[in-house]
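Taking it in order: structure first as structure tokens, then the write-up.
The values are calculated or read from the model by the stated rules, or taken from the named source; none is laboratory data. Only a predicted model underlies this, so the values are computations on that prediction, with no experimental measurement involved. Ideal geometry is used to build each Cβ from the backbone, glycine not excepted, and the neighbour counts take in all protein chains shown.
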Amino acid sequence: MSEFLIPYALFLAKTVTWVVALLAIVIVVFGLARSAREHAGPERLDVRNLNRRYEHLADAVRGEILDEAQRKALDKTRKEEAKSRDKLAKKGQTPDKPRLYVLRFQGDLQASAVDSLREEISAVLQIARADRDEVLLQLDSEGGMVHGYGLAASQLARLRAAGIRLTVAVDKVAASGGYLMACVAERVLAAPFAIVGSIGVVAQLPNFHRLLQRLDVDYELHTAGDYKRTLTMFGENTDAGREKFRVELEETHTLFKRFVSEYRPQLDIERVATGEHWFGSQALELKLVDRLQTSDDYLLERLKDADLFGLSFRRRQPLVQRLSESLVKLGVGLRRSVEEAALPRWH
């Protein structure tokens with residue numbers, strides 16, 4: 001019997017040893033990962049050198065189209081340029097190029113990207129040189145909540161107040177609250193078919209009062225103050241409540257027009273503040289934008305005379321929040337697909 005027990009005991013001892021070793025490795029790896037996360041913190045600002053990025057893109061193409069002699073000649077030229085820069089650096093004569101900081105704002109209904117925008121701008125304001133450096137904001141937004149986009153526009157106004165040149169590039173859309181942000185810039189660029197404008201205010205809500213009446217459901221709403229609640233989804237709305245609601249919309253529209261006029265006095269505000277939107281080429285004629293150009297072309301244009309840096313502030317989010325945001329984005333994507341089906345398109 002012992003002849004069977006001894007091999008079994010040895011096998012069991014090896015198995016236990018392997019399991020313990022694996023557990024130890026898992027614990028160490030988990031500890032190192034946790035330590036790295038804690039050291040990195042819950043948030044970080046990523047900074048990319050865009051000059052190098054564009055250079056790498058160009059090198060990838062050159063590697064395929066240049067022959068060996070041309071590549072050697074290019075390498076020789078680069079080495080000579082590097083030596084020249086090193087000599088100037090030793091003499092303290094390094095060329096002091098202006099810096100272009102590139103930010104991106106991807107809008108949604110709540111203007112939730114403003115949380116990252118405010119951090120990015122706070123970082124830029126601490127290092128940017130007034131009247132020398134510039135910020136380029138790549139803006140894509142259909143607009144949304146008044147208070148959210150009001151805060152986003154106020155963040156951009158901080159740059160103007162500090163003397164930092166601000167350029168906004170609209171490659172796709174800057175409408176309503178999106179244009180509220182864009183108009184703060186000293187210069188607004190737009191792609192020829194980008195959607196621009198929609199200087200207006202809209203509010204809508206369903207009312208289920210008659211349905212509840214048919215179902216014999218009572219709904220009570222108690223307020224202190226005549227206009228604490230003007231319109232409601234479940235109660236009976238009054239003409240006085242509707243009128244007050246319209247007045248509030250008009251007041252918001254007036255503030256919108258006043259804000260746009262302050263930053264773009266060249267506009268015929270009554271002509272463009274009708275709630276309409278225009279394509280980029282039309283917006284140029286109306287002076288809503290200053291130049292027809294994509295953000296890509298503008299960056300390539302500045303590549304030779306400026307140091308380009310892309311800034312992106314990231315905040316770690318809980319898994320549940322990331323999953324919920326993914327579901328929201330899926331819903332928004334489906335809604336946009338339905339809406340875009342009705343947009344003009346090429347045939």
Self-check item: Contacts under 6 angstrom Cβ, first residue in segment 213-225 being within 11 Å of residue 235 (Cβ to Cβ), partner among the basic types (Lys, Arg) and assigned to a loop (DSSP other than H, G, I, E, B), 6 or more apart
Solution: 223/229
Practice problem: Scan segment 250-271 residue by residue and report those that are in contact (Cβ under 8 Å) with a residue 40 or more places away in the chain and either in the same structural domain as residue 186 (by TED's automatic domain parsing) or within 15 Å of residue 186 (Cα to Cα) (or both). | Solution: 259, 260, 263, 264
Self-check item: Of all residues in segment 310-320 being outside any helix (DSSP H, G or I) and not hydroxyl-bearing (Ser, Thr, Tyr), the one that is farthest from the chain's Cα centre (by Cα)
Solution: 318
Quiz item: When you go through (1) assigned by TED's automatic domain parsing to the domain that holds residue 141; (2) without any contact (Cβ under 8 Å) to a residue 12 or more places away in the chain one by one for residue 239, which number turns out not to apply?
Solution: (1)
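Determine which member of the set 201, 188, 196 is β-branched (Val, Ile, Thr) and part of a loop (DSSP other than H, G, I, E, B).
Of 201, 188, 196, the one residue that is β-branched (Val, Ile, Thr) and part of a loop (DSSP other than H, G, I, E, B) is 201.
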Self-check item: Filter result (closer than 25 Å to residue 109 by Cα and either among the polar types (S, T, N, Q) or touching a residue at least 40 places away in the same chain (Cβ under 8 Å) (or both)) within segment 161-171
Solution: 167, 169, 170, 171
Practice problem: Would you be able to tell me the number of residues in segment 118-160 that are closer than 16 Å to residue 107 by Cβ and basic (Lys, Arg)? | Solution: 1
Quiz item: For residue 224, are the conditions met, namely being over 30 Å from residue 280 (Cβ atoms), at pLDDT below 90, surrounded by fewer than 24 Cβ atoms within 10 Å (Cβ to Cβ) and of a type in the set (Gly, Ala, Ser)?
Solution: yes
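Considering each residue of segment 34-79, count those that are at pLDDT below 75 and assigned to a helix (DSSP H, G or I), and give that number. Reasoning before the result, please.
At the first step, the residues of segment 34-79 found to be at pLDDT below 75 are 34-42, 66-68, 70-79.
With assigned to a helix (DSSP H, G or I) added as a condition, the list becomes 34-40, 68, 70-79.
The number of residues fulfilling the criteria is 18.
Working carefully through the options 142, 186, 134, find the one that is touching a residue at least 60 places away in the same chain (Cβ under 8 Å) and closer than 23 Å to residue 289 by Cβ.
Exactly one residue qualifies, and that residue is 134.
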Quiz prompt | Subset tally (residues that are surrounded by 11 or more Cβ atoms within 10 Å (Cβ to Cβ) and free of Cβ contacts under 8 Å to residues at least 40 places away in the same chain) for segment 201-212 | solution = 5
Self-check item: Single condition residue 234 does not satisfy, out of (1) outside any loop (DSSP other than H, G, I, E, B); (2) over 30 Å from residue 283 (Cα atoms)
Solution: (1)
Quiz item: What about residue 158, is it among the basic types (Lys, Arg) and part of a helix (DSSP H, G or I)?
Solution: yes
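Mind checking which residues of segment 256-309 are part of a strand (DSSP E or B) and within 20 Å of residue 139 (Cα to Cα)? Show your work before the answer.
So the first thing to find is which residues in segment 256-309 are part of a strand (DSSP E or B), and the list is 277-279, 291-292, 307-309.
The answer is 277, 278, 279, 291, 292, 308, 309.
Go through segment 162-174 and give me each residue that's surrounded by fewer than 24 Cβ atoms within 10 Å (Cβ to Cβ) and of a type outside the set (Lys, Arg). Even if it seems obvious, please write down each step before you answer.
If we filter segment 162-174 for residues that are surrounded by fewer than 24 Cβ atoms within 10 Å (Cβ to Cβ), which is where we start, we get 162-167, 171-173.
Within segment 162-174, 162, 163, 164, 166, 167, 171, 173 meet the criteria.
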Quiz item: Going through segment 256-288 one residue at a time, which ones are more than 18 Å from residue 153 (Cβ to Cβ) and among the basic types (Lys, Arg)?
Solution: 271, 287
Quiz item: Among the residues of segment 237-255, is any among the small types (Gly, Ala, Ser), assigned to a loop (DSSP other than H, G, I, E, B) and over 24 Å from residue 156 (Cα atoms)?
Solution: no
Quiz item: List the pairs whose first member sits in segment 276-300 and is in contact (Cβ under 8 Å) with a residue 12 or more places away in the chain, whose second member is among the charged types (D, E, K, R), and whose Cβ atoms are under 6 Å apart, counting only residues at least 6 apart or on separate chains?
Solution: 290/187; 294/171; 295/171
